[in-house]
There are 2 protein chains.
Amino acid sequence: MINEKRLMTDLEELAEFGRDDSGGITRRSFSREETSARKWFEERLRDAGMQTRVDAAGNIIGRFGKQGPAVAGGSHIDTIRNGGKYDGSLGILAALESVRCIQERGTALANPLEVIAFADEEERFFGFFGSYAMTGVVTANEIEEACDESGIRLSDAMKEYGLDYRRVSEAKRDRSAIKAFVELHIEQGPLLYNQGVPIGVVNGVDADYRFGVSFRGRRDHAGFPMSNRRDAFAAMCSVVQTMDHYRKEIGGNNTRLTVGDVRVVPGIENVVPDQAYCSMDFRDERRLVLQRIESALKDTAEKVTRQSGVTVHVEPILRINDVPFDKEVCDTIREAARDLGIAYRDMQSGAGHDAQVMGQHIPAAMIFVPNTDGRSHCPEEHVSKQHIFLGASVLCRTMERLARA
Amino acid sequence: MINEKRLMTDLEELAEFGRDDSGGITRRSFSREETSARKWFEERLRDAGMQTRVDAAGNIIGRFGKQGPAVAGGSHIDTIRNGGKYDGSLGILAALESVRCIQERGTALANPLEVIAFADEEERFFGFFGSYAMTGVVTANEIEEACDESGIRLSDAMKEYGLDYRRVSEAKRDRSAIKAFVELHIEQGPLLYNQGVPIGVVNGVDADYRFGVSFRGRRDHAGFPMSNRRDAFAAMCSVVQTMDHYRKEIGGNNTRLTVGDVRVVPGIENVVPDQAYCSMDFRDERRLVLQRIESALKDTAEKVTRQSGVTVHVEPILRINDVPFDKEVCDTIREAARDLGIAYRDMQSGAGHDAQVMGQHIPAAMIFVPNTDGRSHCPEEHVSKQHIFLGASVLCRTMERLARA
């Protein structure tokens, strides 16, 4: 049912917006490159006979059909710096292709179909900005404070694109406006690819608790005795090691800890560091595990502070609870896969997605396709042509099942 | 015998050259601030009746007396960025004060006295540049390659100061030119201060082996399963922990490991790092311990590479062997302290000094004075007035004993 060639052509064309020197895509939210891509995408929606609008947060909404709660598919249109060509793009283009196919099949529909391209998912300014706005949890005050890493304000970037941030609340949609939201996305992990399963039915998104941990000790010369040191980096290593132990003990093998942002001051070979900082990102499908890990982290910080003479300070950055997806939407995805004779498996998402924000307000779920080699957020990000076809087919069938009369 | 007021005035005056906003001293080698300090110091040497010259490496040499092997005291005139006012300064000013006192006492001398202010000890360009040049182990080719961290060439900085780097070999002095070199310095550690002993007789300088350790793994999303990760920072923590174990096992409590320069790429909270780097500085009075630790580090790197999928590469940065100081010069320091009824203890230096470079070619030793709170290389670096007086007195008496007829 899916027109594979049409979808592949769309993917190639969209990938030209923001293509950078290294072969990656840099199409950051509300950038010039993204604005061009948005125009192109709106045209594709209209070509497919859809009515388009851009809401007060910059979300692009294409609609086919009249009144009633919409069955929506989509994802986001922005990318990280030097990202890949499937993250976000596949979800919006497969939803577009699904609407085209359902039209072509002439299925009688009880509900309108929608394609949604969310704004600023990748955290140039905010992260999940579009889906937060659509579910009504962003305020104009929060936008006033949001800047990208070079100090450009979200409010200014929105203005340049033609939006007034003070009207952001207008982007909010009632629960009754959307019957279901389905997001097709590449798995940002190796599970499906390693197991050779083409479809992941995502039952929920893991909880994600993130902390900034600061260490303040004393700067000493590298000849200084070990026993009297107050070494900020040594304290960091000790906390990281202890928390990796608690990760396994409180959580288990599927609980994850990522220490991604690490800084050590003064950063001189022959000087014992007096300051250090690291981020700690914990993920698990059970928020209770992360709540217990948070307690353990605070206890560890206090213990290390008492014992090492290095003051350890824990600052929560993020507490996103696990979001279970809608059982009926998940069932429909399974039925769609069975209709088409495509193998699938249930799974969790370790990464955050717009569907997880939407899923806290309306029935939502996700379909994952295998990520060749498990690489994502990089130019090497890859989904095979066959998996693109199978994923888009399941999305199409799911939307059709949800919307048909 | 020491004129305490004169010495304290000199210390205060020298500290004005390069005083920075935070109350520290930034008098980096061959900078404008250092050049002004050099002029001031040469004048002080001449005021004390000494003949002065600047050698081909920029070392300032003041000499009192005629022919024969000199008894020299001194240290370096440059500081690190935002350093303290005693490191280097105390050694050159106490040597100057010693020469003035010996003159005033009218001691009959068999040897001339010298005060030496070494160039670029603090590694703006080279580290121990002046003492390396005086002992003949620096070549013009090496100078051509030396730059500071902002890319300024040592050769250009020397030229601006009026020196031709191609003539650096002229700075070399024969072994017979110097009978002994004695350097008074603050201890860059807490030992003397904590034990309440005013004088350290330094028997030698510890060996210092330094490595750059690079880790290359794979960049993954923070939702990626732990078991399949190739996390560069996790590998670094593991190597640091293993090497801290070997430090104690191969060396002991007095073997030191400093991990000072730490970098993690890409440094994003929700991305598993694919690249990491850390420096590892090992110190011990026995080079054999450090040689064994180097083997253990290489084995550990290979093992982690094999087991974790993160490639670990070890690059030696520095291999400075331990330098035992001259027994007779050390004895003379002890006798000098006993002459004056000042308590002392034997000790090692964990930090590197010009005396350690000189000590590989001529009889040399060091006198340490207590470092209040053990802080050094920072604006808070402090030596009490009493300890300055006692240290300078022992230096003066040592030089007098070594040079008298």
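The values are calculated or read from the model by the stated rules, or taken from the named source; none is laboratory data. Just so we're clear, the structure is a prediction, and the values are computed from it rather than from any experiment. Here the Cβ is made from the backbone with ideal geometry for all residues, glycine too, and neighbour counts use every protein chain on show. Side chains included, ligands, DNA and RNA excluded: accessible areas come from the protein's heavy atoms. Shrake-Rupley method; radii C 1.70, N 1.55, O 1.52, S 1.80 Å.
Checking the stretch A:4-16 against the condition returns no match, with no residue being farther than 19 Å from residue A:184 by Cβ, touching a strand residue (DSSP E or B) at 6+ places or on another chain (Cβ under 8 Å), modelled with pLDDT of 95 or more and buried (at least 18 other Cβ atoms within 10 Å of the Cβ).
Given the structure, is residue A:28 at pLDDT 95 or above, more than 18 Å from residue A:116 (Cβ to Cβ) and surrounded by 21 or more Cβ atoms within 10 Å (Cβ to Cβ)? Yes; evaluated as a whole, the condition is true for this residue. Of all residues in the stretch A:351-384, those satisfying the criterion of being out of contact with any Leu (no Cβ under 9 Å at 6 or more places or on another chain) and outside any loop (DSSP other than H, G, I, E, B) are A:354, A:355, A:356, A:357, A:358, A:364, A:365, A:372, A:373.
Selection over the stretch B:196-212 of residues that are away from every other protein chain (no Cβ under 12 Å), over 27 Å from residue B:296 (Cα atoms) and out of contact with any Leu (no Cβ under 6 Å at 6 or more places or on another chain) gives a count of 5. Residue B:212 meets each of the listed conditions (1) crowded, with 23+ Cβ neighbours inside 10 Å; (2) assigned to a strand (DSSP E or B); (3) of a type outside the set (S, T, N, Q) apart from (1). Within the stretch A:31-63, if we keep just the residues that are of a type in the set (S, T, N, Q) and touching a Lys or Arg at 6+ places or on another chain (Cβ under 7 Å), the residue that is surrounded by the fewest Cβ atoms within 10 Å (Cβ to Cβ) turns out to be A:51. No other residue among A:392, A:355, A:365, A:403 is more than 15 Å from residue A:185 (Cβ to Cβ), touching a strand residue (DSSP E or B) at 6+ places or on another chain (Cβ under 8 Å), modelled with pLDDT of 95 or more and open to solvent by less than 20 Å² (accessible area, probe 1.4 Å) apart from A:403. Looking only at residues in the stretch A:224-250 that are free of Cβ contacts under 8 Å to residues at least 24 places away in the same chain and farther than 26 Å from residue A:295 by Cβ, the one that is surrounded by the most Cβ atoms within 10 Å (Cβ to Cβ) is A:226. Mind checking whether some residue in the stretch A:329-348 is surrounded by 24 or more Cβ atoms within 10 Å (Cβ to Cβ), closer than 26 Å to residue A:282 by Cβ and within 14 Å of another protein chain (Cβ to nearest Cβ)? No; the residues of the stretch A:329-348 include none that is surrounded by 24 or more Cβ atoms within 10 Å (Cβ to Cβ), closer than 26 Å to residue A:282 by Cβ and within 14 Å of another protein chain (Cβ to nearest Cβ). Is it the case that some residue within the stretch B:11-33 is assigned by TED's automatic domain parsing to the domain that holds residue B:392, touching a Leu at 6+ places or on another chain (Cβ under 7 Å) and not in a helix (DSSP H, G or I)? Checked against the condition, which is being assigned by TED's automatic domain parsing to the domain that holds residue B:392, touching a Leu at 6+ places or on another chain (Cβ under 7 Å) and not in a helix (DSSP H, G or I), the stretch B:11-33 yields no hits at all. Selection of the stretch B:234-253 for residues being over 12 Å from residue B:213 (Cβ atoms) and in contact with a strand residue (DSSP E or B) (Cβ under 7 Å, 6 or more places away or on another chain) yields B:244, B:247, B:251.
Output the residues belonging to the stretch B:163-179 that are in a helix (DSSP H, G or I) and open to solvent by 100 Å² or more (accessible area, probe 1.4 Å). Those that are in a helix (DSSP H, G or I) and open to solvent by 100 Å² or more (accessible area, probe 1.4 Å): B:166, B:167, B:170, B:175.
Output the residue which, of all residues in the stretch B:185-206 that are of a type in the set (Val, Ile, Thr) and part of a strand (DSSP E or B), is surrounded by the most Cβ atoms within 10 Å (Cβ to Cβ). The extreme case among them is B:186.
Can you tell me which of (1) of a type outside the set (A, V, I, L, M); (2) over 23 Å from residue B:133 (Cβ atoms); (3) touching a Pro at 6+ places or on another chain (Cβ under 7 Å) is the one residue B:64 doesn't meet? In the conditions (1) of a type outside the set (A, V, I, L, M); (2) over 23 Å from residue B:133 (Cβ atoms); (3) touching a Pro at 6+ places or on another chain (Cβ under 7 Å), residue B:64 misses (2) alone.
Residues that are within 13 Å of another protein chain (Cβ to nearest Cβ), open to solvent by 30 Å² or more (accessible area, probe 1.4 Å) and of a type in the set (D, E, K, R) within the stretch B:368-389 comprise B:373, B:375, B:380, listed in sequence order.
Quick check on the stretch B:135-156. Is at least one of its residues in the same structural domain as residue B:187 (by TED's automatic domain parsing), more than 30 Å from residue A:269 (Cα to Cα) and acidic (Asp, Glu)? No: zero hits. For the condition aromatic (Phe, Trp, Tyr) and either under 30 Å from residue A:242 (Cα atoms) or within 11 Å of chain A (Cβ to nearest Cβ) (or both), residue B:215 qualifies. Identify, please: which residue in the stretch A:310-328 is in a loop (DSSP other than H, G, I, E, B) and among the charged types (D, E, K, R) and is, among those, most open to solvent (accessible area, probe 1.4 Å)? Top of the filtered list is A:326.
Candidates are the residues of the stretch A:5-30 that are free of Cβ contacts under 8 Å to residues at least 40 places away in the same chain and more than 24 Å from residue A:98 (Cα to Cα); the one that is farthest from the chain's Cα centre (by Cα) is A:21. Of the residues making up the stretch A:153-202, those that are of a type in the set (Asp, Glu) and over 20 Å from residue A:337 (Cβ atoms) are A:156, A:160, A:164, A:170, A:174. Pairs linking a residue in the stretch A:66-77 that is at positive phi and in contact (Cβ under 8 Å) with a residue 12 or more places away in the chain to a residue that is open to solvent by 10 Å² or more (accessible area, probe 1.4 Å) and of a type in the set (Lys, Arg), with Cβ atoms under 8 Å and 6 or more positions apart or on different chains, are A:68/A:179.
Scoring residue B:182 on the criteria (1) away from every other protein chain (no Cβ under 11 Å); (2) β-branched (Val, Ile, Thr); (3) surrounded by 24 or more Cβ atoms within 10 Å (Cβ to Cβ); (4) under 24 Å from residue B:317 (Cβ atoms) leaves a single failure, condition (4). In summary, residue A:373 fulfils each of the numbered conditions (1) within 28 Å of residue A:230 (Cα to Cα); (2) of a type in the set (D, E, K, R); (3) at pLDDT below 95 with the single exception of condition (1).
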